[in-house]
Amino acid sequence: MERKKILLRLDPAVHDALARWASDELRSTNSQIEFLLRRALSEAGRLPEGVGRIRPRGRPRKAPEDGTAQEEEQADGDASEAG
């Protein structure tokens, strides 16, 4: 599914605070905004069922030549959902 693109106007101070917070969490500013929106929707009981998972924080791991990185990412994802 293609992701929606929107124009978002923010107060510069709010944007700077979001950017710092995103950096602390190893996310892009865009990912931090999506994370916060999803959390707000979930807390309000408005997150639609079937919404895909958000990508884990940080840079994607480099895949070793034997292809075991995908298995490790799945295991990490399962562990983060449990906590």
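The values are calculated or read from the model by the stated rules, or taken from the named source; none is laboratory data. Every value quoted in this text rests on a predicted model; they were computed, and no experiment measured them. Note that each Cβ is placed from the backbone with ideal geometry, even for glycine, and that neighbours are counted across all protein chains shown.
Matching residues to (1) assigned to a helix (DSSP H, G or I); (2) over 23 Å from ARG59 (Cβ atoms); (3) among the charged types (D, E, K, R); (4) in contact with a strand residue (DSSP E or B) (Cβ under 8 Å, 6 or more places away or on another chain):
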residue: ARG3; (1), (2), (3), (4): no, no, yes, no
residue: ILE6; (1), (2), (3), (4): no, yes, no, no
residue: HIS15; (1), (2), (3), (4): yes, no, no, no
residue: LEU37; (1), (2), (3), (4): yes, no, no, no
residue: ALA40; (1), (2), (3), (4): yes, yes, no, no
residue: ARG46; (1), (2), (3), (4): no, yes, yes, no
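Of all the numbered requirements in (1) exposed (fewer than 10 other Cβ atoms within 10 Å of the Cβ); (2) at pLDDT below 75; (3) assigned to a loop (DSSP other than H, G, I, E, B), ASP78 misses one, and that requirement is (3). Restricting attention to region 23-56, the residues that are small (Gly, Ala, Ser), at pLDDT 95 or above and surrounded by 12 or more Cβ atoms within 10 Å (Cβ to Cβ) total 1.
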